[in-house]
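Q: Got a structure for you, written out below as structure tokens; questions coming shortly.
The values are calculated or read from the model by the stated rules, or taken from the named source; none is laboratory data. Just so you know, these numbers come straight off a predicted model, no measurement behind them. Positions of Cβ are generated from backbone atoms using ideal geometry, with glycine treated the same way; all protein chains shown enter the neighbour counts. The area values use the complete protein model at the heavy-atom level, side chains included, leaving out ligands, DNA and RNA. Shrake-Rupley method; radii C 1.70, N 1.55, O 1.52, S 1.80 Å.
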Amino acid sequence: VILGGGVAGLSAAVYAGRASQRPLVISGGVAEVGSQLLFTPMIDNYPGLPPSWTGKQLVRSLQAHARRSKAILLHQPAKRLHLGERPFLIEVPNAERNFTADTLVIATGAKERWLNAPGESVFQGKYVHTCALCDGEIYEGQDVVIVGGGESAFEAVHYMANVAKHVTLVHRKSTFRAVPEVVAAARELPNVKFLTPYQVKEWQGNKRKELQRVVLEHAESGVEETVVINGGFLAIGSDPNTKFLQGSGLEISESGHVVVKAGTRTETNVAGVFVAGEATDAYYRQAITAAGDGAAAAIDAQRWLSVNKPTVVAKKTGGHKEEM
């Protein structure tokens, strides 16, 4: 059984399916399937894709590939895991949808944090993004704002300084969480401006819903400042979708990520349970790395099964049919 219907989970499904495992992918609610990619208007850094593919197109293509590989997709969220003994038990909200399996791949991804400032929902995914490395190329030679004060924010600053015409870094504090050397290097960049301590008050655009400016508010004085921009990037972190794993016996870090066993790529502290993608990865957080993680987790699970006698083929307590 694979938990998660994003790139990592569907990649695992393809590999498990080709190994004749006929995996079941429990991908969460329909709104959660590939949720981060659904906000990506264009993917140009995933090898082999046609030009100008959207995140939604990639997710649909991966789903089709998983089905061709005999995977079953179920768009229902898992509620609780029981990992004390094999076969593992996966609870889902409907009592008729409880599954057992000998191996489990957790690929539930993460949710990016948004400011939820006025106007943000209008431009979300099209002009306001959460990944400069993914979407930054769109703004070559243009003006952008980056919001945040940690390592990811400064990584975005250094990346966009080579792409955009002007970069404005906005942070609600005057101090930064990033290491001083990285901050100092960013201050030396000729096309980068720091605005602190400011916070986003509103995103504004024109009647065609094109982003034109961001209104900032000084965190102490309340004085407003408007910056003309073409795009914005939020680098304020993400939250792994792992809350439902609390109490399952899996080792979870303070940040909420599933901990990988030392010396392995996908093994957890529970034998037979593997993890892939942003449920464990807090560093790379790219679709292509998630795909590799998913493939690795499926391979590791298959190898584990080859030396651990199966107790059951993935099944459930009642009737089941695939959901589109």
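Q: Say the dipole of the chain comes from +1 at the beta carbon of Lys and Arg and -1 at that of Asp and Glu; which of 121, 145, 100 then lies farthest toward its positive end?
A: Comparing the listed Cα positions along the dipole, 100 ranks first.
Q: Would you kindly derive the ³J(HN,Hα) couplings of region 103-113 from the backbone phi angles with the Karplus curve 6.51 cos²θ - 1.76 cosθ + 1.60 (θ = phi - 60°), listing them in order in whole Hz, with x for Gly and Pro?
A: Coupling constants for region 103-113: 10, 9, 10, 9, 9, 7, x, 8, 10, 5, 8 Hz.
Q: Using the Cα centre as the reference, give the magnitude of the dipole from point charges on the C-beta atoms of the chain (Lys, Arg: +1; Asp, Glu: -1; all else neutral), rounded to the nearest 20 debye. Write out the running numbers ahead of the final one.
A: Details: 34 positive and 32 negative charges, 246 e Å.
Charge dipole, the chain, about its Cα centre: 1180 debye, nearest 20.
Q: Over region 1-160, what portion of Cα pair distances is larger than 29 Å, expressed as a whole percent? Can you show the working numbers first?
A: Working: 3846 of 12720 pairs.
It works out to 30 percent of all Cα pairs.
Q: Using bins 5 angstrom wide from zero, how does P(r) for region 236-298 break down, in % of all Cα pairs?
A: Distribution as computed: 4, 19, 30, 27, 16, 4, 0 percent.
Q: Now, a different point. Any of 56/79; 173/261; 111/173; 56/201; 56/173; 165/207 with alpha carbons more than 28 Å apart? Name them for me.
A: Values: 56/79 26 Å; 173/261 36 Å; 111/173 24 Å; 56/201 30 Å; 56/173 36 Å; 165/207 25 Å.
Beyond 28 Å between Cα atoms: 173/261; 56/201; 56/173.
Q: Give the span of the chain's Cα atoms along each principal axis, as three whole-Å numbers ordered largest to smallest.
A: So the extents along the principal axes, rounded to whole Å, are 64, 39, 35.
Q: Tell me the net charge near residue 260. Cut-off is 12 Å between Cβ atoms, residue 260 excluded, with +1 for each Lys or Arg and -1 for each Asp or Glu.
A: Summing Lys/Arg as +1 and Asp/Glu as -1 gives -3.
Q: Between helix 7-18 and the chain, what is the angle of the helix's C-alpha long axis to the longest principal axis, kept within 0 to 90° and rounded to the nearest 10?
A: Around 30 degrees separate the two axes.
Q: Out of the DSSP beta bridges found with both residues in the chain, what percent are antiparallel (nearest 5)? The partial results should precede the final answer.
A: Values: 26 of 52 bridges.
Taking every DSSP beta bridge with both residues in the chain, the antiparallel ones total about 50 percent.
Q: Another question about this same structure. Which far-off residues, 5 or more places away or on another chain, put their amide H under 5 Å from the one on residue 233, with H placed in the peptide plane?
A: 129, 145, 146, 147
Q: Using a Förster distance of 45 angstrom, determine the FRET efficiency expected from the C-beta separation of residue 228 and residue 254, and round it to 0.05.
A: 0.70
Q: Report, in deg cm²/dmol and to the nearest 500, the calculated mean residue ellipticity at 222 nm for the chain, where each DSSP H run with n ≥ 4 adds -39500 (n - 2.57) and the sum is divided by the residue count.
A: The per-residue figure over the chain is -7000 deg cm²/dmol.
Q: When the chain is modelled as a GNM with alpha-carbon springs shorter than 10 Å, which of 178, 287, 13 fluctuates the most?
A: Result: 178 has the largest fluctuation of those listed.
Q: A further question on this structure: Roughly how many Å² of residue 82 are accessible to a 1.4 Å probe, to the nearest 10?
A: About 70 Å², ignoring ligands and nucleic acids.
Q: Give me the percent relative contact order of the chain, please, defined on Cα pairs under 8 angstrom at least 6 residues apart.
A: 23
Q: Between region 131-180 and region 4-23, what is the C-alpha centre distance in whole Å?
A: 35
Q: By how many degrees, 0 to 90 and rounded to 10, does the Cα axis of helix 55-68 deviate from the longest principal axis of the chain?
A: Between helix and principal axis, roughly 10 degrees.
Q: Sticking with this structure for a sec: Quick one: how many Å² of residue 115 are accessible to a 1.4 Å probe, rounded to 10?
A: 70
Q: About the Cα centre, and with charges only on the beta carbon of Lys, Arg (+1) and Asp, Glu (-1), how big is the dipole of region 103-175? Nearest 20 debye, please. The partial results should precede the final answer.
A: On the way: 6 positive and 8 negative charges, 58 e Å.
Here region 103-175 has a charge dipole of around 280 debye.
Q: Round to the nearest 10 and give me the degree value, 0 to 90, for the angle of helix 287-307's Cα axis relative to the longest principal axis of the chain.
A: Approximately 20 degrees, to the nearest 10.
Q: Nearest 5 is fine: what % of DSSP beta bridges in region 1-130 come out antiparallel, could you say? Walk me through the numbers on the way to the answer.
A: Details: 7 of 15 bridges.
Roughly 45 percent of the DSSP beta bridges within region 1-130 come out antiparallel.
Q: Additional query: Considering the options 12, 36, 133, tell which one lies farthest towards the positive end of the dipole of region 12-148, charges being +1 on Lys and Arg and -1 on Asp and Glu at the Cβ, about the Cα centre.
A: 12
Q: From the residues 178, 219, 238, which one has its Cα farthest along the dipole of region 148-302 in the positive direction, the dipole being from +1 and -1 charges on Cβ of Lys/Arg and Asp/Glu about the Cα centre?
A: 219
Q: Separate question: Once you've got the GNM for the chain with C-alpha springs shorter than 10 Å, pick whichever of 141, 28, 55 has the biggest mean-square fluctuation.
A: Highest fluctuation of the listed residues: 141.
Q: Ignoring any ligand, DNA or RNA, what whole percent of the accessible area of the chain comes from carbon and sulfur when the probe is 1.4 angstrom?
A: Numbers: 7920 of 15930 Å².
That fraction is 50 percent.
Q: Using each residue's phi in region 145-159, evaluate 6.51 cos²θ - 1.76 cosθ + 1.60 at θ = phi - 60° and report the 3J(HN,Hα) Karplus result to the nearest Hz, with x for Gly and Pro.
A: Each residue of region 145-159 in turn: 10, 10, 10, x, x, x, 4, 5, 5, 6, 5, 5, 4, 5, 5 Hz.
Q: While we're looking at this one, here's another question. What list of ³J(HN,Hα) values in whole Hz, one per residue of region 21-27 in order, does the Karplus curve 6.51 cos²θ - 1.76 cosθ + 1.60 (θ = phi - 60°) give from phi, with Gly and Pro shown as x?
A: 8, 6, x, 9, 9, 9, 9
Q: Suppose every Lys and Arg Cβ carries +1 and every Asp and Glu Cβ carries -1, with no other charges. What dipole size does region 178-324 come out with about its Cα centre, to the nearest 20 debye?
A: Working: 16 positive and 18 negative charges, 137 e Å.
Rounded to the nearest 20 debye, it is 660 debye.
Q: Just check region 74-114 against the gyration tensor rule for me: Cα atoms, a ≥ b ≥ c as the square roots of the eigenvalues, rounded for a/c under 1.5, and otherwise prolate or oblate depending on whether a/b exceeds b/c.
A: Judged from the Cα gyration tensor, region 74-114 comes out oblate (a/c at least 1.5, b/c at or above a/b).
Q: A further question on this structure: What does the accessible area per residue of the chain come to in Å², with a 1.4 Å probe and no ligands, DNA or RNA counted?
A: Averaged over the residues of the chain, the accessible area is 49 Å².
Q: Okay, next question. Round to the nearest 10 and report in Å² the accessible area of residue 126, as given by a 1.4 Å probe over the protein chains' heavy atoms.
A: 120
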